[in-house]
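A short write-up of the structure that comes next.
The values are calculated or read from the model by the stated rules, or taken from the named source; none is laboratory data. No experiment lies behind these values; they were computed from the predicted model shown. Every residue, glycine among them, receives a Cβ derived from its backbone with ideal geometry; neighbour counts consider all protein chains shown. The protein model used for the area step is the full one, side chains on, heavy atoms only, and it has no ligands, DNA or RNA in it. Shrake-Rupley method; radii C 1.70, N 1.55, O 1.52, S 1.80 Å.
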Amino acid sequence: MRSAKVALCALLVTGAVGLSPTTASSTASAPSTPWNAFALSSPAFVDGGVIPKVHECTSGGGNDPAKRNESPPLTWAGAPTAAKSYAIVMRDLDNSHLIHWVIYDIPASTTALPQNVDHTYRPSTPAGARQVYYRGSASLYGYQGPCSPSTVNTYEFVVHALNQTSLTRLNSNSSTQTAAREIVAASIGSARISGES
């Protein structure tokens with residue numbers, strides 16, 4: 001009787017072991033949910049690469065004609081489908097995370113910014129977007145390029161997908177810090193790229 005029970009247990013274990021690979025195989029072959037990672041890139045420089053001089057500030061002294069304070073072209077893909085608008089925040093990671101650029105209310109249909117976005121509160125491209133006034137080594141709306149002539153600093157660009165079409169609490173007098181807080185509060189996803197200058 002005991003040997004019959006042992007044989008039966010062995011048979012059950014063998015059957016279970018025999019079923020395991022089949023079960024694992026069917027699980028592994030089950031279709032996975034497609035997912036695209038939210039990513040930000042620039043045709044001007046690779047992530048972690050050198051930011052070209054044309055994007056450096058013109059207010060740091062010197063007369064280098066290659067420096068023109070033009071914002072770099074940026075492209076993003078794989079954003080959350082619930083995004084109602086986008087915003088971009090640029091910081092100098094080696095200078096107390098100083099904010100160099102905030103552009104927001106970028107329409108949800110937009111997936112790229114051209115080079116040299118106008119230095120105005122409401123740039124012509126992308127239509128509907130707004131920029132924060134930069135107060136620092138220069139005083140202007142929009143992009144203020146890298147300004148670290150004696151050191152090599154890392155600058156980070158972050159695109160945020162937002163849950164609002166417009167950040168109505170911001171206006172032409174809002175500070176970069178206030179704008180950044182509003183953007184983070186409304187963010188449902190972000191992607192980043194950094195460069196050195």
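Is region 112-124 home to any residue that is surrounded by fewer than 18 Cβ atoms within 10 Å (Cβ to Cβ) and small (Gly, Ala, Ser)?
yes
Given Ala108, Ala77, Ala83, which one is surrounded by fewer than 15 Cβ atoms within 10 Å (Cβ to Cβ) and touching a residue at least 40 places away in the same chain (Cβ under 8 Å)?
After ruling out the rest, the residue left standing is Ala77.
Answer yes or no as to whether Glu156 is touching a His at 6+ places or on another chain (Cβ under 9 Å), at pLDDT 95 or above, surrounded by 15 or more Cβ atoms within 10 Å (Cβ to Cβ) and of a type in the set (Asp, Glu).
Yes.
Collect the residues in region 111-124 that are closer than 21 Å to Thr176 by Cβ, free of Cβ contacts under 8 Å to residues at least 40 places away in the same chain and among the β-branched types (Val, Ile, Thr), keeping them in residue-number order.
Result: Thr120, single match.
Could you say whether any residue in region 131-138 is within 29 Å of Glu196 (Cβ to Cβ), in contact (Cβ under 8 Å) with a residue 60 or more places away in the chain, part of a strand (DSSP E or B) and open to solvent by less than 10 Å² (accessible area, probe 1.4 Å)?
Looking through region 131-138, none of the residues is within 29 Å of Glu196 (Cβ to Cβ), in contact (Cβ under 8 Å) with a residue 60 or more places away in the chain, part of a strand (DSSP E or B) and open to solvent by less than 10 Å² (accessible area, probe 1.4 Å).
Within region 37-52, which residues are of a type outside the set (A, V, I, L, M), outside any strand (DSSP E or B) and over 14 Å from Asn116 (Cβ atoms)?
Of everything in region 37-52, those that are of a type outside the set (A, V, I, L, M), outside any strand (DSSP E or B) and over 14 Å from Asn116 (Cβ atoms) turn out to be Phe38, Phe45, Asp47, Gly48.
Of the conditions (1) closer than 20 Å to Ser42 by Cα; (2) under 16 Å from the mean Cα position of the chain (by Cα); (3) of a type outside the set (A, V, I, L, M), Asn163 satisfies every one except a single condition; which number is it?
(1)
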